[in-house]
Amino acid sequence: MQDTTPVAVVVDGQPVQLWAVEAGLACCGVEYAAATTLVGQLQAQTSIDLDAFATSDSANVLVVSGTVTTALAPYVVALYQRMGPGARVMSFGACAATGGPYWDSYAVVDGVDRLVPVDVYVPGCPPSPEALIDGLRTLLLDVRA
Amino acid sequence: MNSQPRRGSIALNPPDCTSCMLCVKECPDKCIHIESHPVVQETGGARPVTVQHLDRFAIDFGLCMYCGICIDVCPFDALAWIGQSTASAATGSSSLVHEMDQLAAGWNSSDD
Ligand code: SF4
Ligand code: SF4
Ligand code: SF4
């Protein structure tokens, strides 16, 4: 795991703290950061309040953005376990959902749900900011349910 | 409907699809699934013609790169971009596989 970017958002007034895990060399990590910026800019229209940064201790959602190689797989599992019970997982992008363009590769996990339970899958390669907003709403519904 | 790439989703107009399989062949991710069967049609002419009847058309949006190659390659403009993003899925990545009725609904509801 090369970078972990802590991001906290409040969706419809409910604090949902996202902890983005960006696998090295994966484009979705960069795209996720860009998408969260736009979510912040669209605050008024979306009622998604991107106001603070969460630490790994306080985050309650793990965002897996990028290609999960078999080499990185143990780290993803370790990060999930570190978040404790009740942690939610967002799969961001095609690679995290299914392996994406690398679904047939010997070195890529064809879906992060083979490692950890996933609560919401945001499609795209990479997903658009609008797709992230939709994913956050879906996740919030799930969290509230 | 719009032939220009944009960051929305992809819709299908089933009546325009001839099951020619070009999109399936060209999709870099192999995430389009088509099933069809031949139907013999009497034309009233000297001989009947055989056409393919489309039974299944699905796009796995869990895999799709939104590259638009399928849209570009379709000779019959049966595929098109729509502005609305593909909805997120909460019940497994397999629910990102959109079948023909869902893809057609996107086509019909698009206001492009
Ligand atoms: S889903 Fe596409 S954009 Fe995201 S990490 Fe994979 S290849 Fe890159
Ligand atoms: S947009 Fe690209 S990856 Fe998606 S179904 Fe079409 S050809 Fe395949
Ligand atoms: S290229 Fe167009 S007509 Fe041919 S199978 Fe695909 S959608 Fe149907």
Subset of region B:56-112 (residues that are surrounded by 15 or more Cβ atoms within 10 Å (Cβ to Cβ), without any contact (Cβ under 8 Å) to a residue 24 or more places away in the chain and assigned to a loop (DSSP other than H, G, I, E, B)): B:ALA87, B:SER88, B:ALA90
Failed item, numbered, when B:SER19 is tested on (1) surrounded by fewer than 17 Cβ atoms within 10 Å (Cβ to Cβ); (2) in a loop (DSSP other than H, G, I, E, B): (1)
Checking B:MET21 against (1) within 16 Å of ligand 2 (Cβ to nearest atom); (2) within 12 Å of chain A (Cβ to nearest Cβ), the condition it does not meet: (2)
Every residue from region B:68-94 that is at negative phi and within 12 Å of chain A (Cβ to nearest Cβ): B:GLY83, B:GLN84, B:SER85, B:THR86, B:ALA87, B:SER88, B:ALA89, B:ALA90, B:THR91, B:SER93, B:SER94
Residues of region A:65-95 satisfying the condition of being more than 16 Å from ligand 2 (Cβ to nearest atom) and either modelled with pLDDT of 95 or more or within 12 Å of another protein chain (Cβ to nearest Cβ) (or both): A:ARG88, A:VAL89, A:MET90, A:SER91, A:PHE92
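Report whether or not A:ASP104 is within 16 Å of ligand 2 (Cβ to nearest atom), closer than 20 Å to B:CYS31 by Cβ, surrounded by fewer than 17 Cβ atoms within 10 Å (Cβ to Cβ) and at pLDDT 85 or above. Please lay out each step first, then the result.
Values: within 16 Å of ligand 2 (Cβ to nearest atom): yes; closer than 20 Å to B:CYS31 by Cβ: yes; surrounded by fewer than 17 Cβ atoms within 10 Å (Cβ to Cβ): yes; at pLDDT 85 or above: yes.
Yes: the conditions hold for A:ASP104.
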All positions within region A:71-102 that are within 15 Å of ligand 1 (Cβ to nearest atom), in a loop (DSSP other than H, G, I, E, B) and more than 13 Å from A:VAL118 (Cα to Cα): A:LEU72, A:GLY99
Test result for A:ALA78, touching a helix residue (DSSP H, G or I) at 6+ places or on another chain (Cβ under 7 Å), surrounded by fewer than 19 Cβ atoms within 10 Å (Cβ to Cβ) and free of Cβ contacts under 8 Å to residues at least 60 places away in the same chain: no
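For every residue, the table says whether it meets (1) more than 12 Å from chain A (Cβ to nearest Cβ); (2) of a type outside the set (S, T, N, Q); (3) farther than 24 Å from A:SER105 by Cα; (4) more than 16 Å from ligand 1 (Cβ to nearest atom).
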residue: B:ILE32; (1), (2), (3), (4): yes, yes, no, yes
residue: B:VAL39; (1), (2), (3), (4): yes, yes, yes, yes
residue: B:ALA46; (1), (2), (3), (4): yes, yes, yes, yes
residue: B:TYR66; (1), (2), (3), (4): no, yes, no, no
residue: B:LEU96; (1), (2), (3), (4): no, yes, no, no
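The values are calculated or read from the model by the stated rules, or taken from the named source; none is laboratory data. Since the model is a prediction, treat every value here as computed from it, not as a measurement. Please note: Cβ atoms are built from the backbone with ideal geometry, for glycine as well, and neighbour counts cover all protein chains shown.
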